[in-house]
Structures are given as C-alpha cells and as structure tokens.
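See below for the structure under consideration.
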Amino acid sequence: MNRSKGLFSVACVLFILSSWIPALANEMAEKKAIEASTTWLKLIDDGQYTKSWETAAEFFKNAVSKEQWNQSLNAARKSFGKVIKRSVKSKQYMTSLPGAPNGEYVVVQYDSSFEHKESSVETVTAMLDKDGKWRIAGYYIR
C-alpha cells in the first residue's frame, strides 16, 4: 500500500513537471526573443537599416535584399518620424508560421507611438536561427 502511494506521488510530481517545463522553456524563448527584437528595433530607430538587415535571420535575408529593405524602411519609417514610446502588447511562442519552415518563433507585438503617428502596432517575428541565436525573421508596422 505504501509503495503504491509512493509511486502515485512520483507520478503526480512527474506530471506536474512535464507541464511546467515546456511553459518555462516557452517563457525563456519569449524573453530572449523580446531582447533580440528590442535590440533590432533600436537599429531601425537609429536609422541603421543596413545593419538591421545584416543582423536579421537568414530566412529574412533570403526573402528581401538589403537594397529592398533599405528602400522600404526609408519610405515607411520617415513618414512615422521618431519613436516616442514602445511597449510590448503581446508575445506568442510558435513552432510553425505560414510560409516559414518549422522551427521556434516568437511573434511580438508592440504598441508604439511615433512623432507623426500617435498610435501604431509593430509586429516583430523573432526566430531561433540555425546557430542557436534569436534573430528577426519579419517586421510589419501599421
């Protein structure tokens, strides 16, 4: 009887741990992805568009050329003006995204305010790149 109670207790602990470990891993991934996206957004805020492209994920660089990226940001960001404030609105860990290979992704949305656009949402998709570093795979602003 005591042995079965002990096995039951061990099984309960293992079940609890099995539900916490993935959640903790997702939380850590979200934290690292937010750090990567914050650093990357700072490059854009500072007008370092080429450097933002160079530090992006390989997936990103294969999707858009450096020249296209520079042209797009020059057109889009100048109309917004300088960033006034930015805060994380939401974050979501995912293992698949439409049009992207399976992997680890975190989609981060920021509530942002700019000099010429008071309210906008920036969506930054970070991915765990092949070298184990979180890098940016997508950016969208509206």
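Structure data summary
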item	result
Qualifying position, being closer than 16 Å to residue 26 by Cα and aromatic (Phe, Trp, Tyr), among 93, 110, 139	93
Options 1, 28: the member that is modelled with pLDDT under 90 and under 14 Å from the mean Cα position of the chain (by Cα)	28
Enumeration of residues in segment 50-63 that are among the β-branched types (Val, Ile, Thr) and surrounded by 15 or more Cβ atoms within 10 Å (Cβ to Cβ)	55
Residues of segment 52-69 that turn out to be more than 19 Å from residue 141 (Cβ to Cβ), assigned to a helix (DSSP H, G or I) and hydroxyl-bearing (Ser, Thr, Tyr), as a count	0
Close pairs from segment 63-83: first at negative phi and among the polar types (S, T, N, Q), partner surrounded by 15 or more Cβ atoms within 10 Å (Cβ to Cβ) and in a helix (DSSP H, G or I), Cβ under 8 Å, at least 6 apart	70/49; 70/53; 74/49
Condition check for residue 11: at pLDDT 95 or above and either farther than 30 Å from residue 81 by Cβ or surrounded by 16 or more Cβ atoms within 10 Å (Cβ to Cβ) (or both)	no
Residue check, residue 108 touching a Ser or Thr at 6+ places or on another chain (Cβ under 8 Å), of a type outside the set (Asp, Glu) and within 13 Å of residue 40 (Cα to Cα)	yes
Residue within segment 70-85 that is among the polar types (S, T, N, Q) and within 18 Å of residue 133 (Cα to Cα) present	no
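For every residue, the table says whether it meets (1) among the charged types (D, E, K, R); (2) outside any strand (DSSP E or B); (3) in contact with an Asp or Glu (Cβ under 7 Å, 6 or more places away or on another chain); (4) at pLDDT below 95.
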site: 50; (1), (2), (3), (4): no, yes, no, no
site: 77; (1), (2), (3), (4): yes, yes, no, yes
site: 87; (1), (2), (3), (4): no, no, yes, no
site: 98; (1), (2), (3), (4): no, yes, no, yes
site: 108; (1), (2), (3), (4): no, no, no, no
site: 116; (1), (2), (3), (4): no, yes, no, yes
site: 132; (1), (2), (3), (4): no, yes, no, yes
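The values are calculated or read from the model by the stated rules, or taken from the named source; none is laboratory data. Note that the structure is a prediction, hence the values are computed from the model and not measured. With ideal geometry, Cβ positions are generated from the backbone for all residues, glycine too; neighbour counts draw on all protein chains shown.
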